[in-house]
Each structure stands twice: as structure tokens, then as C-alpha cells.
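Structure, as C-alpha cells:
Since every read-out is calculated from the coordinates, none of them should be taken as a lab result. Just so it is clear, the structure is predicted and the values come from calculations on it, not from any experiment. Note: ideal-geometry Cβ built from the backbone for every residue, glycine included; neighbour counts use all protein chains shown.
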Amino acid sequence: MSLLVQIEFKVRGDSETEFLRVARALASAAATEPGTLRYQWFVTPTPGHYSIIEEYVDADAAEAHNHHVESLLREFFAVADLVSAAFYGELNEYVRNWVSGREGISVHAPLKP
């Protein structure tokens, strides 16, 4: 089962140019990952806020993505703050640990038959 993630970020201060550079670099890197099904950025109605929808074949692919772009993520979180995140699907231990204790995150498990 795939893992769908929707996250909203707020750009810090006057870092929008750097935010956009890193966001585009992340999207470019994700395009080469075999387990990444979708990685698409959106402009929100709130100035300085952006959303992303990520879809992976499973949580292991999401973990592989984060390891693949680790240096870019460090740059990204230097210029942006997480506002909210929603995860839809089964989480592995890595993703469960990442969401644990963070504010503004919701996890939606699939309905069992």
C-alpha cells in the first residue's frame, strides 16, 4: 500500500528565494527515485506558505527518499518551518519515529477489511 503525505511549510523571514531553490532541488532529486510516485509542490493562499504532496510505494520508499536528500533537507529546514503534516497509509519504524512528538501532524491508518 502506498504512503501519501501532505505537508505545509512556512518560509522563514526573507528566505523565499533560497526556499524555492531547495524545494526545486528536492523535486528534481525525487524524480529519479524508483519508489517515489508523486512529489509536487503547491503555492497556498497564505503568503510565504507552501504545500507538498508526496506519494511513495510504501513507507520504506519515503525513508529512502529522506536518506537520499538528507543534505538538501538540512538546507530546507534552515529556511522553512513545518506547519502541518498528514500521513495516509502504513508507517514503518523510521516514519513513526519522525512523526512522534511533533506538533501539527496527523496519521491516518488505512481502514481494515
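Which whole-number percent gives the relative contact order of region 3-104, counting Cα pairs below 8 Å spaced six or more residues apart? Walk me through the intermediate numbers first.
On the way: 152 pairs, mean separation 43.0, N = 102.
42 percent.
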R0 of 22 Å, Cβ-Cβ distance T32-Y94: FRET efficiency to nearest 0.05:
0.60
Compute the distance in nm between two label points, each set 7 Å from the Cα along the Cα-to-Cβ direction, one at D60 and one at A86.
2.8 nm
Roughly speaking, what is the stretch gain from I53 to L111, that is 0.36 nm per residue apart minus the C-alpha to C-alpha distance, in nm to one decimal?
18.8 nm
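Say R0 is 22 Å: what FRET efficiency, to the nearest 0.05, do E103 and M1 get from their beta-carbon distance?
Values: r = 26 Å, r/R0 = 1.20.
Efficiency computed from Cβ-Cβ geometry: 0.25.
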Calculate the spin-label point distance for A78 paired with L20, positioning each point 7 Å from the Cα along the beta-carbon direction, and give it in nanometres.
2.0 nm
How much mean residue ellipticity at 222 nm does the chain get from its helices, if each DSSP H run of length 4 or more adds -39500 (n - 2.57) and you divide by all residues, to the nearest 500 deg cm²/dmol?
-10500 deg cm²/dmol
Within region 3-104: Cβ-based charge dipole about Cα centre, in debye rounded to nearest 20 (Lys, Arg +1; Asp, Glu -1):
260 debye
Determine by what factor the alpha-carbon radius of gyration of region 3-104 differs from 2.2 N^0.38 Å, reporting the quotient.
1.02
